[in-house]
Amino acid sequence: MTSLASFVELPIDEQKARGLLFTPREIAQQPETWETTLQIFQQHQERIRRFLDAAGVRDALEQRPVVMLIGAGTSDYIGQAVELLLRQKWGCEVSTVASTDLLTNLEEYVVPGRRYLWISFSRSGDSPEGVAVLEQAIQLYPNVAHLVVTCNARARMAEICKDAGRACVVVLDDVVNDRSLAMTSSFTNMIVMGQCLANAWSIEEYSAVVERMVRAGRSLLTRAADEAERLAGKGFSRVCFIGAGALASVAKESALKVLEMTAGQVQAMSETVLGLRHGPMAALDTQTLFVCFVSGAERRAKYAIDLLREIGEKGIVLERIAVGSAAARAEIAPFCDAYLAVDDAIDDAYRPALDVIFGQLLGLYCSVAHKLKPDSPSPGGVINRVVQKFRIY
């Protein structure tokens, strides 16, 4: 095993041979790139604000649009990461709907006569579901307003929006258009852009949050890498990630990262703090790593602490790892085997981009431990960077 910095410093030929050319660098660059994403929003804030105003986001409460957050796989989890924040900041009804569900059930999600704003997240902007849903929606429901957030300036979804009457496209820096199979920096930067949208009319206040996120991210990277390397050496066969609220999206994305980067050799699952007891706890065994993203809110944290205690008393996992605020360490540490602290000053709503770094690193180190290539961990090409085209109906 090699430290995260050492991965990046390997000779280029060795990075290519080991499939480490992109993934370690794309994970490590995240804190710095969040600042760039904030700057991109600031550069385009007037255009974006005009679009959101036209979509009705600041109209009288009863006239505001239903906001749907759309994406597939990791991009779906972006919506889940910012859904509650958008609901609170905009005062709109907000829901996350996977494009994989919309494509098959489009007419069942749209209520005729109701006002809608769809925000689509897509790293490539070329995924078959995302493109097809956008094309069909523009054709069938011309009154729906569309905002597309992508990392690809040449995305098909961006091209479609050029000809649409009520559409806006935001393109992130090309450096976060991940070249590796697994989405890492694209995921967190689209989350940051979603948080910018939530704070579109209070961006200076949010800028201070980003500053704290960057500092916390830099601090967390090294500690999380060390912990991920240690755990990957344990040879566990399963991992269960737990989170609530915005942190539930982190649990889902972390599970996907481990599953993708180990080509399924490590089975990964995710659940909510209170949902685990309703059946899924049956999947835990002494070869399972248990990771809990603990809320910084005292009442919500108590539920996580009780779950960590229960899992320990039952002796049904290999290790319990908690990720939570530094201030809560003394209270939570007795009920876990290792504790990763994040900055206390960052609210749960803004933690997904931070906390997921541990899940990304665990996927990376488990991939290396299983002698796979993290940049392209699917030896038979079972999964690809962009989902392969399939027949659209």
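Every number in this text was worked out from the coordinates using simple rules, so none of it is lab data. In this text the structure is predicted, and so the values were computed from the model without any measurement. Glycine gets a Cβ as well: all are built from the backbone with ideal geometry, and neighbour counts include every protein chain shown.
What whole number of Å gives the distance from the Cα centroid of the stretch 323-393 to the Cα centroid of the stretch 298-320?
Cα centres, the stretch 298-320 to the stretch 323-393: 20 Å.
Does anyone have the angle between helix 74-90 and the longest principal axis of the chain? Alpha-carbon axes, 0 to 90°, nearest 10?
60
How high is the relative contact order of the chain, in percent, counting Cα pairs under 8 Å that sit 6 or more residues apart?
Reported relative contact order: 20 percent.
Rank Arg277, Arg238, Arg351 by mean-square fluctuation in a GNM of the chain with C-alpha springs under 10 angstrom and give only the top-ranked residue.
Evaluated over the chain, the most mobile residue of the options is Arg277.
Using 0.36 nm per residue of separation minus the Cα-Cα distance, give me the extension gain between Glu159 and Leu274 in nm, one decimal. Walk me through the intermediate numbers first.
Values: separation 115, 0.36 × 115 = 41.40 nm, distance 4.27 nm.
That pair, Glu159 and Leu274, stretches by 37.1 nm at full extension.
Helix 30-55 sits at what angle to the longest principal axis of the chain, using alpha carbons and giving 0 to 90 degrees rounded to 10?
The answer is roughly 30 degrees.
Test of understanding: in a Gaussian network model of the chain with alpha carbons linked when under 10 Å, which of Phe51, Phe293, Phe187 would top the mean-square fluctuation ranking?
The residue with the greatest mean-square fluctuation here is Phe51.
Classify the stretch 344-393 as rounded, prolate or oblate, taking a ≥ b ≥ c as the square roots of the eigenvalues of its Cα gyration tensor: rounded when a/c is under 1.5, otherwise prolate if a/b is larger than b/c and oblate if not.
Verdict is oblate for the stretch 344-393.
Between the stretch 44-87 and the stretch 115-191, what is the C-alpha centre distance in whole Å?
Centre-to-centre (Cα) distance: 13 Å.
Report, to the nearest 10°, how far helix 185-198 tilts away from the longest principal axis of the Cα atoms in the chain, using its own Cα long axis and a range of 0 to 90°.
Tilt relative to the chain: about 50 degrees.
Could you identify which residue out of Ser127, Ser367, Ser237 has the top mean-square fluctuation in a GNM of the chain using Cα springs shorter than 10 Å?
Ser237
Once you order the gyration tensor axes a ≥ b ≥ c over the Cα atoms, which shape class does the stretch 244-361 get: rounded for a/c under 1.5, otherwise prolate or oblate by comparing a/b with b/c?
Judged from the Cα gyration tensor, the stretch 244-361 comes out oblate (a/c at least 1.5, b/c at or above a/b).
Residues in the stretch 159-185 near a label at Gln39, defined as backbone nitrogen under 17 Å from the 7 Å Cα→Cβ point?
Label zone hits: 171-177.
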